[in-house]
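Before any comments, here is the structure.
The values are calculated or read from the model by the stated rules, or taken from the named source; none is laboratory data. Being a predicted model, the structure only gives us computed values, none of them experimental. When we count neighbours, we look across all protein chains shown, and the Cβ atoms used for this are built from the backbone with ideal geometry, even at glycine. Just so you know, the surface numbers come from the protein's heavy atoms only, side chains and all, with ligands and any DNA or RNA stripped out. Shrake-Rupley method; radii C 1.70, N 1.55, O 1.52, S 1.80 Å.
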Amino acid sequence: MTELATSPDMGRGPEKQLPRFDPGITEPIWKIRWKMNMRSLAQNWEIFKESRVGMSGLIIIIAFGAFGLLWPIMINFVWDPLIYHPVVGFDPMLMHPSPPVAGHLLGTDPIGRDILAQLMFSTGREFLLGMLSAVISVVVGTFIGAMAAYYGGFTDTIFMRVADIVMLFPFVPLLVVIGSMIRLSIFPFAIILGFLEAFGGITVILKAQALQVKVRPYIDAARVAGGSDLHIIRAHIIPNVLPLSFLYMMFNVTAAIVSEATLSFFGILNIDMSWGMMIHTAETAGYLFDFGKFWWLWAPSGFFITLFCAAFYMVGRGLDEVVNPRLRKR
Amino acid sequence: MALPDSRLDRDTGDTIVSVKNLKKYYPVGRGLFRRQHALLHAVDDISFEVARGEVLGLVGESGCGKTTTGRMLVRLTNPTSGSIIVDQTDVSSISGADMGPFRQKVQMIFQDPYESLDPRMTIFDIVSEPLNVNHIGNLEQREERVAEMLTRVGLAPPATFMFRFPHELSGGQRQRVAIARALVVNPTFVVADEPTSMLDVSIRTGVMKLLTELREDFGISYLYITHDLAVARYLCDRIAVMYLGKIVEIAGSEEVIRNPLHPYARALISAVPVPDPAIARPVPNVRGGVSKPINPHPRCRFYERCPVAQKVCQDSDHPELREVEGNHFAACHLL
């Protein structure tokens, strides 16, 4: 802990050496803060628990997480990689695509790969993609929204026009163009998605919230206390819009997964396997035309995409009740 | 209420705040195709001084420019023109590195204790914020200082309050926190913007007593903005009455209450209810509503409502403040 010097301009005696006064606090401050954070987390959890929608969503997400974690175990210890590999696996004992049989619980795709293995393998990567792009979009969006609201004027105009342009362009066709220019693998794709979302709707929503915070008297009070612009943005505006950012993070996961599935379906992403890719495989081999006959080729992945997005949306709805006290039943 | 002589003696203390020809005009109705816009004269050419250790009350009706004046003194609003000198520093010329020392000298207490404390910060964070942003002391020293201030404003023991959130405190307690935050850096001048108006009457007296005590202990000067004449009389040494951006009367508080000279001040004081049905108080003698502060006519601002207005009031510009009696200034052509 470094001792910070009092400003030399302060000519008045007593401040130079702050007088001793026993505050009567026995624990170090960081410990008290930690306890308070834990307590507020516990309180928020109590509110979240009340929301049936939110809890169902959370349970589904945990189930997906467990399913994704099963993959390294299955491929290393249970399944033969030659047969069950999601990209290059092939089962020589069957005609492909094979409907569900004993060894392949969800059947195989047209080139002999196990559907269940593909689903399991993709789960972890969908998590990665969704979370990464959502975190990027929310961190960048919160910061830009807070800056635009706080400074107003020119800064605001620039970011709002950029947001207009991003929102004006239809999202998926724009990504198709980007995807056809550069073959996107999963990390660059998540980053591009994150930034696109950050500069679009997220900025506008968080700016609107930050504008409400900006005019509160405690912002004036912080300015009178001597806080710089950066201090006010960091210590007052961002913490007060953060709950909303967190809420939108959940909704952004959904957006990222849907975009990935759509682009994979068009086959313009440099991703070897994903839920969207599985539908793409079925489609390119011509099996989507016979709708009900080869259901195992598209139904499992389609169902997973829907359920996964729904689960994040449901958690978002549950968090909404934590963030907006007016929505609570009590 | 008799005041001790020392509080009325204007000549002893030196001047801490000196405001000269302060103006704040806001453009209104600025449109895309209208280049010439009207100006709202929020504060229109006012001058006053606050002596060291003095409490100057600024009273007036809603929208007369009290708060704008207060905000300009702490530089939350930049004046259109005029000079503000606080403790030998020109407020409007401060920039960059000089801002820190200025912020430690001049503080403000806000009106609404429910809105002036960040709901996501603990009381400790709120009170230590001025120390924090001005880099005063280390964490341990700040902790001691905050605890001391909290005890001083009557939130004792401090350990039970420091790590609570504003929503866990009552209105009076919150305003005490706001006062502690303003005084934690030992300011020499504090702008108090109606700090008791949002409080219950039962709590109000306590906060007012506290402000008086702190003033005596720390030698702070206040600009006390209020619309409540009783509060102004209790707390202030002098009272300045504002009307539509102009100071129309300024004198010692008892003098203003007992012997108001300006017709507006007279009306204001006769409008104060007296809790005794036997006393027949004079009927406030004003006409019409508040005139518009947007591009006002070059005549006395009070002309339209004045009961004693004459031709001179309409023909000549708003009168200057004149010393009508000893240390009693008023702005009226007819005095």
What pairs can you find where one residue is in segment B:92-120 and more than 25 Å from B:Lys23 (Cα to Cα) and more than 8 Å from every other protein chain (Cβ to nearest Cβ), the other is part of a helix (DSSP H, G or I) and open to solvent by 60 Å² or more (accessible area, probe 1.4 Å), and their Cβ atoms are less than 9 Å apart, with a gap of 6+ or different chains?
B:Tyr114/B:His167
Restricting attention to segment B:185-211, which residues are over 18 Å from the mean Cα position of the chain (by Cα), closer than 15 Å to B:Met108 by Cα and open to solvent by 10 Å² or more (accessible area, probe 1.4 Å)?
B:Asn186
Tell me yes or no: at least one residue of segment B:162-170 is of a type in the set (Gly, Ala, Ser), part of a loop (DSSP other than H, G, I, E, B) and either at the interface with another protein chain (Cβ under 10 Å from one of its Cβ atoms) or over 18 Å from A:Pro23 (Cα atoms) (or both).
yes
Quick check on segment B:156-173. Is at least one of its residues modelled with pLDDT of 90 or more and closer than 30 Å to B:Val91 by Cα?
no
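Out of B:Ile239, B:Ile257, B:Ile269, B:Ile279, report the one residue that is assigned to a strand (DSSP E or B) and either of a type in the set (Val, Ile, Thr) or open to solvent by 20 Å² or more (accessible area, probe 1.4 Å) (or both). Full working, then the answer.
On the way: B:Ile257 fails: assigned to a strand (DSSP E or B); B:Ile269 fails: assigned to a strand (DSSP E or B); B:Ile279 fails: assigned to a strand (DSSP E or B).
Sole residue among the options that is assigned to a strand (DSSP E or B) and either of a type in the set (Val, Ile, Thr) or open to solvent by 20 Å² or more (accessible area, probe 1.4 Å) (or both): B:Ile239.
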Is it the case that some residue within segment A:149-166 is buried (at least 24 other Cβ atoms within 10 Å of the Cβ) and at pLDDT 90 or above?
yes
List the helices (runs of 4 or more DSSP H) inside segment A:169-256, counting only whole elements, that have at least 3 residues being closer than 21 Å to B:Leu117 by Cβ.
A:203-214, A:217-225, A:229-232
From the list B:Ala147, B:Ala182, exactly one residue is crowded, with 22+ Cβ neighbours inside 10 Å and within 22 Å of the chain's Cα centre (by Cα). Which is it?
B:Ala182
Please go through segment A:266-285 and pick out each residue that is touching a residue at least 60 places away in the same chain (Cβ under 8 Å), part of a loop (DSSP other than H, G, I, E, B) and open to solvent by less than 40 Å² (accessible area, probe 1.4 Å).
A:Ile268, A:Ile271, A:Met273, A:Ser274
Would it be correct to say that A:Ala198 is open to solvent by 50 Å² or more (accessible area, probe 1.4 Å) and of a type in the set (Gly, Ala, Ser)?
no
Assess whether B:Arg71 counts as being open to solvent by 30 Å² or more (accessible area, probe 1.4 Å), within 11 Å of chain A (Cβ to nearest Cβ) and assigned to a loop (DSSP other than H, G, I, E, B).
no
Residue count, segment B:86-111 (criterion: modelled with pLDDT under 90 and assigned to a strand (DSSP E or B))
3
Condition broken by B:Glu129, with the remaining ones in (1) facing chain A (nearest Cβ under 7 Å); (2) assigned to a loop (DSSP other than H, G, I, E, B) satisfied:
(2)
Working only within segment B:145-173, note down all residues that are within 13 Å of B:Pro113 (Cβ to Cβ) and of a type in the set (Ser, Thr, Tyr).
B:Ser170
B:Arg176: passes all of (1) more than 12 Å from chain A (Cβ to nearest Cβ); (2) within 17 Å of B:Tyr114 (Cβ to Cβ); (3) open to solvent by less than 10 Å² (accessible area, probe 1.4 Å) but (3)
Is it the case, given these coordinates, that A:Lys31 is within 21 Å of A:Val322 (Cβ to Cβ) and at pLDDT below 90?
no
May I ask you to list the residues in segment B:85-105 that are open to solvent by less than 30 Å² (accessible area, probe 1.4 Å) and either under 17 Å from B:Ala192 (Cβ atoms) or polar (S, T, N, Q) (or both)?
B:Val86, B:Arg103, B:Gln104
Given the condition open to solvent by 20 Å² or more (accessible area, probe 1.4 Å) and under 30 Å from B:Pro130 (Cβ atoms), answer yes or no: does some residue in segment A:245-262 qualify?
yes
Of A:Ile61, A:Ile47, A:Ile83, A:Ile75, the only residue that is more than 9 Å from chain B (Cβ to nearest Cβ), open to solvent by less than 90 Å² (accessible area, probe 1.4 Å), at pLDDT 90 or above and farther than 21 Å from B:His135 by Cα is A:Ile61
Assuming A:Leu288 fulfils every condition listed in (1) modelled with pLDDT under 90; (2) open to solvent by less than 40 Å² (accessible area, probe 1.4 Å) apart from one, which condition is it?
(2)
